[in-house]
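**Q** Below is one structure. I have some questions about it.
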Amino acid sequence: MSRLRVGVVGVGYLGKHHARILSSMPGVELVGVVDTNMKRATEVAAEHGGRPMLDVRELDGRVDAVTIAVPTEKHLEIARPFLRAGLPVLVEKPMAASLAEADEMIAAAAKADTRLAVGHTERFNPAVAVAREHLTDPRFIEVHRLGVFPERSLDIDVVFDVMIHDLDVILSVVKSDVTSIDAVGVPVLTEKFDIANVRLRFANGCMANLTASRISRDRVRKIRFFQPQAYLSIDYGAQKVEKYTLDRILGIPKINGGELPVTNEEPLARELADFVDAVKAKRAPMVDGEQGRRALALADRISSTMTTV
């Protein structure tokens, strides 16, 4: 497949960036952008190419793959016909409104032998990629993800909206089952939880403490890993990694380390490039449906045990 014809469904807060990146990607043709707001679709199409559309069915027969960035409750409805037709789909996180819907999407992709990718963008953050090479056996993980009140995703709470990014990263690093969850959340500006603190215990003894907020004045996106003889800190936004280790010189303990080299790149561009390559090479994407479901399942467990104060 020399040129991949792609459609973007939903060109609001995040989908417009799908269109921007795909339109400039070698070997990709942005065929159309679909949105319930025709004015918005027209503006995005005018800037990045493709045909503006109101009805997703207008993409039928015109595309080889689609990306979906609509509200979570619409993910299955939009993705189902494409998957059943054997067309690869990248759907934004969280992948579905329920585990049953996620299972239906996974089953449809498997039956049609097509690719299903989930947009957990932080997995494609260059800083995460660099840090992963130095992570061996994390014993404690600390996460702070604080953001301003969003322009989107108010149909879901803060766990599914923003914390799920870190849940996915942690699950990709800690190869162990979650055995206990303590979770507290507070609805502040909406009827759903806008801020939450979660403590996870894994079967291998690792602990993770996560704080997520979508009502903060400042943006903070950091994750810290503590493991025997080493500490790593990732600043997602700045794409910086610091590593410190305990060394002994002539029997005297000494802390060494500092910032590791990271080549900055846009995580969403890396994610979309992985999806396009997975489609062309007929391989599994880096974050497939099963991994998207795993993060959703943990978010669902957290939500079901959440208490409020």
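No value in this document is a laboratory result; all are computed from the given coordinates. All values derive from a computational prediction rather than experimental measurement. When we count neighbours, we look across all protein chains shown, and the Cβ atoms used for this are built from the backbone with ideal geometry, even at glycine.
**Q** If the cut-off is a Cα-Cα distance under 20 Å, which lysines reach Lys282, setting aside same-chain residues fewer than 8 apart in sequence?
**A** Result set, ordered by chain and number: Lys111.
**Q** So, one more: What order do you get for Ile21, Ile249, Ile302 when you list them from fewest to most C-beta neighbours inside 10 Å?
**A** Numbers: Ile21 21, Ile249 8, Ile302 25.
Least to most surrounded, the residues fall as Ile249, Ile21, Ile302.
**Q** From the square roots a ≥ b ≥ c of the eigenvalues of the alpha-carbon gyration tensor of the range 225-309, which class results: rounded (a/c under 1.5), prolate (a/b over b/c), or oblate?
**A** Here the range 225-309 falls in the oblate category.
**Q** Sticking with this structure for a sec: Going through the range 245-287, which trypsin sites (Lys or Arg not before Pro) have at most 15 other Cβ atoms within 10 Å and a DSSP loop state?
**A** Those that pass, being in a loop and sparsely packed, are Lys282, Arg283.
**Q** Among Gly50, Gly32, Gly257, determine the one that fluctuates most according to a GNM of the chain built with springs between C-alpha atoms less than 10 Å apart.
**A** Gly257
**Q** Loop only by DSSP, 15 or fewer other Cβ within 10 Å of the Cβ. Give me the trypsin sites (Lys or Arg not before Pro) in the range 134-190 that pass, ordered by residue number. Don't jump to the answer; show the numbers that get you there.
**A** Working: sites: Arg139, Arg145, Arg152, Lys175; in loops: Arg139, Arg152, Lys175.
Qualifying residues, ordered by number: Arg139, Arg152, Lys175.
**Q** Going from the alpha-carbon gyration tensor of the chain, what semi-axes, largest first and in whole Å, does one get by taking the root of 5 times each eigenvalue?
**A** Whole-Å semi-axes of the equivalent ellipsoid: 35, 22, 19.
**Q** With N set to the number of residues, divide the alpha-carbon radius of gyration of the range 21-111 by 2.2 N^0.38 Å and report two decimals. Kindly include the intermediate steps, with their values, before the conclusion.
**A** Working: Rg = 13.4 Å, N = 91, 2.2 N^0.38 = 12.2 Å.
That ratio works out to 1.10.
**Q** Return the calculated 222 nm mean residue ellipticity for the chain, to the nearest 500 deg cm²/dmol, obtained by summing -39500 (n - 2.57) across DSSP H runs with n ≥ 4 and dividing by the residue count. All intermediate terms of the calculation are to be shown ahead of the outcome.
**A** On the way: 8 runs with 93 residues, N = 309.
Helices in the chain give a 222 nm mean residue ellipticity of -9500 deg cm²/dmol.
**Q** Which far-off residues, 5 or more places away or on another chain, put their amide H under 5 Å from the one on Val70, with H placed in the peptide plane?
**A** When sequence neighbours closer than 5 places are left aside, the close amide H contacts are Glu92.
**Q** Moving on. Roughly how many debye, to the nearest 20, is the charge dipole of the chain about its Cα centre, given +1 on each Lys and Arg Cβ, -1 on each Asp and Glu Cβ, and no other charges?
**A** On the way: 41 positive and 42 negative charges, 99 e Å.
With Lys and Arg at +1 and Asp and Glu at -1, about 480 debye.
**Q** Report the Cα centroid-to-centroid distance between the range 1-24 and the range 231-286 in angstrom, as an integer.
**A** 26
**Q** Does the range 161-309 come out rounded, prolate or oblate, given a ≥ b ≥ c as the square roots of the eigenvalues of its C-alpha gyration tensor, rounded meaning a/c under 1.5 and, failing that, prolate meaning a/b above b/c?
**A** Details: a/c = 1.59, a/b = 1.16, b/c = 1.37.
Oblate is the answer for the range 161-309, as a/c is 1.5 or above yet b/c matches or exceeds a/b.
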